[in-house]
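I'd like to ask some things about the structure below.
The values are calculated or read from the model by the stated rules, or taken from the named source; none is laboratory data. Because the structure is predicted, anything quoted here is derived from the model rather than measured. Here Cβ is always computed from backbone atoms with ideal geometry, including for glycine, and neighbour counts include all displayed protein chains. What goes into the accessible areas is simple: the full protein's heavy atoms, side chains included, and nothing from ligands, DNA or RNA. Shrake-Rupley method; radii C 1.70, N 1.55, O 1.52, S 1.80 Å.
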Amino acid sequence: MSVVTTEKQDNVLVIIADNPPVNALGAAVRQGLVDGIDQALSDDDIEAVVIRCDGRTFFAGADITEFGKPMKGPSLADALDQLEASNKPVVAAIHGTALGGGCEVALACHYRVAVPSAKIGLPEVKLGLIPGAAGTQRLPRVVGAEAALPMVVTGNPISATKAHAIGLVDKIVGEDSLADDAIAFAREQIGKPVRRSSEGTANRDGVENPAIFDEFRQKNARKLRGFEAPEAAIQAVKAAGELSYAEGVKKERELFTRLMTGTQSAAMRHYFFAERAANKIDGIDPKIDLIPINRVGILGAGTMGGGIAMNFLSAGIPVTIVELKEDALDRGVGVIRKNYENTAKRGRMTEQQVEDAMGILTPSLSYDDLADCDLVIEAVFENMDVKKQVFSKLDAIVKQGAILASNTSYLNIDEIAAVTKRPEYVLGLHFFSPANVMKLLEIVRGEKTADDVLMTAMKLSKKIGKVAAVSGVCPGFIGNRMLSPRQEQANQMIMEGANYWEVDDVLLEFGFPMGPFQMSDLAGVDIGWHRDPERIETLRDALCAAGRWGQKVGKGFYDYDEARNRTPSDEVKQIIAEFAAKAGNEQRVISKEEIRERLLYPMVNEGAKILEEGMAQRASDIDVVWINGYGWPLYTGGPMFWADTMGLDTVVAGLEQHGLPVTELLRDKASKGEKFNG
Ligand code: 3HC
Ligand code: NAI
């Protein structure tokens, strides 16, 4: 069956695309659109055209799988020029998500109607690109540069109502009557001169007030740091005001082509598919029956327990949270409320939503109240004996068929599961701090974890807005396990003569939000410290003994001012120098390049080991973990994709040069000229 069909409704031709799952604008669809317009223009009975899609959404964009391959059939830009040139009015009928090329189709139509639930956006920057079918030129001409900027530069879609308010959508129509309402709307346009987006004049605002571009750059500087596409997007929107339409389109094409052939876009396209691949669990039927999760129990209302609870509350899933003592419970619940209220103050939640979320939270001091939960997540102290005690107690109380999960960062899930009579219902759900904010959820698959339990956790992660990846049981799982060799090298290098702020700065320059020593200050240098100021065996002991516990006390590796700006500390430099001298370490200048290689290459090696041992299903899952859990810069595609772009032979040579271990899988792939991804 053809992916595009047409239907004559008296004097209106309806062009209908049906290309599941998301009506991506592949070659056949583009050809179908061109043919549909030809048919409308050559049929004298036809006076107007409607373009709509069957299935769950209007066109969700270009077909990303075609990127990087030779173009087949008409280009989207050409197809849309033909469409816009029509002298019979063309109406886009939008439902679902009109994204990227889909938004550009809508812009090339003379009019747009949408159902209230529709979303419209140009997410190309999220793939390291800008729109490539004149979206950056038509949109500002319709809505103005100021309204176009956030759409093109951040890539976040807007609601149909917002689109209506800024003039992108002409009419909001009935949720269930889109097809008919669009035809009626098209008939109303017959006889009027067609209105072409390319001829719009709203873009004058950017010429009259050119300061909007720099203001936008400044306001979003932190978010956009390191990314190439957003700057290109700003330039394209600016060009829409300064150049003729034809010249503007040429400029867009130049910028688009440069990005499309660059490494950032390749990395971000890799990530797009990596995130989706991570949802798939090898050997498990995705249609397996899931365990219904109607109530979640959380044990421990500390740093993690509270944050974890918020994920479910925000998704409308009732939570029972259990603590040992009244004051800890009150404190935990208080923090949850305060977090919600702060969100409301920033306008990102209504007071009613705060009350709704708090209204489905049941605080308790009794494990018995967890009996009816479908899933219980333990977030108590990181200690195997405590975890074992807690799990045997939970096993006895929580109903059969319910899932028991641990939020442990390092401990062995199989050992924890073994104390229960239901090891197949036990798994790790490793959230990241702050758990209500960080996107990553590592799902730890125990030796005995049942398939439906695993798949239920995977589906649930999507419901609470997390990006999930599956890890096998090994110390630190995927993420923390790879953090260890990085930290080891960081610690070693500052003993060999590298300044600790230089080590941090190398990672900042690479694109991480912070370096290892900044991270230590943020988390608390005193975490896990024995608390005896007289016992000084490690650098950490010395820092803690000197009261340098991290940001919370205003000093750790760095000194902090009121605004939490960091400055390197002479005292710390001195302490480090003393340790290095005691160890008899020769001091030398360590280049930025060496620092970078010694921090990052061992991580790649550890990633290879994780793959070798089957602890990750695929290299791209490791990329998903590091991008979402630790701020690895998205535009490099994650550690394994980055290693691919560096060349695995380069990584091996670097490791060898620094006397660091190389695992067999990495050496083997490098010698064969292979990559981790594809
Ligand atoms: N091309 C090819 N495949 C796509 C695709 C696209 N544009 N968008 C989604 N898919 C695939 C996904 O890979 C997935 O495949 P799988 O089932 O084999 O894993 C399937 O469609 C379903 O996607 P999701 O799991 O993401 O479904 P959701 O319902 O959660 O989300 C969506 C739907 C909001 C449309 C989301 O898929 C999305 O954001 N897609 C990308 C949109 C986008 O970036 N468009 C711009 C493309 S670039 C462009 O248009 C350039 C132009 O200017 C020339
Ligand atoms: P926390 O110390 O802030 O909170 C633990 C809470 O559990 C305390 O409020 C304590 O009163 C309560 N508790 C202890 N024993 C209990 C019991 N038997 N029953 C009920 N409540 C009990 O600790 P945090 O940081 O929240 O860590 C919890 C778990 O999450 C640990 O396993 C940790 O490794 C893991 N984790 C921590 C991360 C972090 O950044 N803090 C990140 C990811 C995982």
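Return yes when Gln492 is closer than 28 Å to Gly638 by Cβ, open to solvent by 50 Å² or more (accessible area, probe 1.4 Å) and not small (Gly, Ala, Ser) and no when it is not. Don't jump to the end; show me each part of the working.
Details: closer than 28 Å to Gly638 by Cβ: yes; open to solvent by 50 Å² or more (accessible area, probe 1.4 Å): yes; not small (Gly, Ala, Ser): yes.
In short, yes.
Go through the residues of the stretch 330-345 one by one and say whether even a single one is without any contact (Cβ under 8 Å) to a residue 24 or more places away in the chain and more than 21 Å from Asn436 (Cβ to Cβ).
No: the stretch 330-345 contains no residue that is without any contact (Cβ under 8 Å) to a residue 24 or more places away in the chain and more than 21 Å from Asn436 (Cβ to Cβ).
Looking only at residues in the stretch 107-123 that are open to solvent by 20 Å² or more (accessible area, probe 1.4 Å) and either closer than 10 Å to Ala240 by Cβ or within 25 Å of the chain's Cα centre (by Cα) (or both), which one is nearest to ligand 2 (Cβ to nearest atom)?
Pro123
Then there is this: Restricting attention to the stretch 610-633, which residues are in a helix (DSSP H, G or I), out of contact with any Leu (no Cβ under 6 Å at 6 or more places or on another chain) and either among the hydroxyl-bearing types (Ser, Thr, Tyr) or surrounded by fewer than 20 Cβ atoms within 10 Å (Cβ to Cβ) (or both)?
Correct list: Ser620, Tyr630.
Which one of these does Ala133 not meet: (1) out of contact with any Lys or Arg (no Cβ under 7 Å at 6 or more places or on another chain); (2) among the small types (Gly, Ala, Ser); (3) more than 7 Å from ligand 1 (Cβ to nearest atom)?
(3)
So, in the stretch 578-609, how many residues would count as being assigned to a loop (DSSP other than H, G, I, E, B) and at pLDDT below 95? Before you say what the answer is, go through the steps one by one.
From the stretch 578-609, those assigned to a loop (DSSP other than H, G, I, E, B) are 583-591; that's our starting set.
Restricting the remaining residues to those that are at pLDDT below 95 gives 583-587.
Residues in the stretch 578-609 being assigned to a loop (DSSP other than H, G, I, E, B) and at pLDDT below 95: 5 in total.
Quick check on Ala233: is it part of a helix (DSSP H, G or I) and surrounded by 15 or more Cβ atoms within 10 Å (Cβ to Cβ)?
Values: part of a helix (DSSP H, G or I): yes; surrounded by 15 or more Cβ atoms within 10 Å (Cβ to Cβ): yes.
So Ala233 passes the test.
For Ser244, work out the one condition from (1) over 30 Å from Leu404 (Cβ atoms); (2) buried (at least 23 other Cβ atoms within 10 Å of the Cβ) it doesn't fulfil.
If we test Ser244 against (1) over 30 Å from Leu404 (Cβ atoms); (2) buried (at least 23 other Cβ atoms within 10 Å of the Cβ), just (2) comes out false.
Restricting attention to the stretch 569-591, does a residue exist that is under 32 Å from the mean Cα position of the chain (by Cα) and open to solvent by 60 Å² or more (accessible area, probe 1.4 Å)?
No, the conditions are met nowhere in the stretch 569-591.
Can we say Ile281 is more than 24 Å from the chain's Cα centre (by Cα) and touching a residue at least 40 places away in the same chain (Cβ under 8 Å)?
No.
If only one of Val34, Val49 is β-branched (Val, Ile, Thr) and either open to solvent by 60 Å² or more (accessible area, probe 1.4 Å) or over 17 Å from Gly101 (Cα atoms) (or both), which one is it?
Val49
Out of the residues in the stretch 250-278 meeting the condition of being within 12 Å of ligand 1 (Cβ to nearest atom) and more than 30 Å from Ala468 (Cβ to Cβ), tell me which one is most open to solvent (accessible area, probe 1.4 Å).
My answer is Arg253.
Let me ask something additional. Looking at Val380, Val354, Val398, which is the one that is surrounded by 13 or more Cβ atoms within 10 Å (Cβ to Cβ) and touching a Cys at 6+ places or on another chain (Cβ under 9 Å)?
Of Val380, Val354, Val398, the one residue that is surrounded by 13 or more Cβ atoms within 10 Å (Cβ to Cβ) and touching a Cys at 6+ places or on another chain (Cβ under 9 Å) is Val398.
Turning to a different aspect of this structure: Condition (residue is in contact with a helix residue (DSSP H, G or I) (Cβ under 7 Å, 6 or more places away or on another chain), over 22 Å from Ala85 (Cβ atoms) and at pLDDT 95 or above) applied to the stretch 175-191: is it met by at least one residue?
No, the stretch 175-191 contains no residue that is in contact with a helix residue (DSSP H, G or I) (Cβ under 7 Å, 6 or more places away or on another chain), over 22 Å from Ala85 (Cβ atoms) and at pLDDT 95 or above.
Those residues that are more than 10 Å from ligand 2 (Cβ to nearest atom) and either assigned to a strand (DSSP E or B) or open to solvent by 30 Å² or more (accessible area, probe 1.4 Å) (or both), I need them from the stretch 385-395; list them, please.
Asp385, Lys388, Ser392
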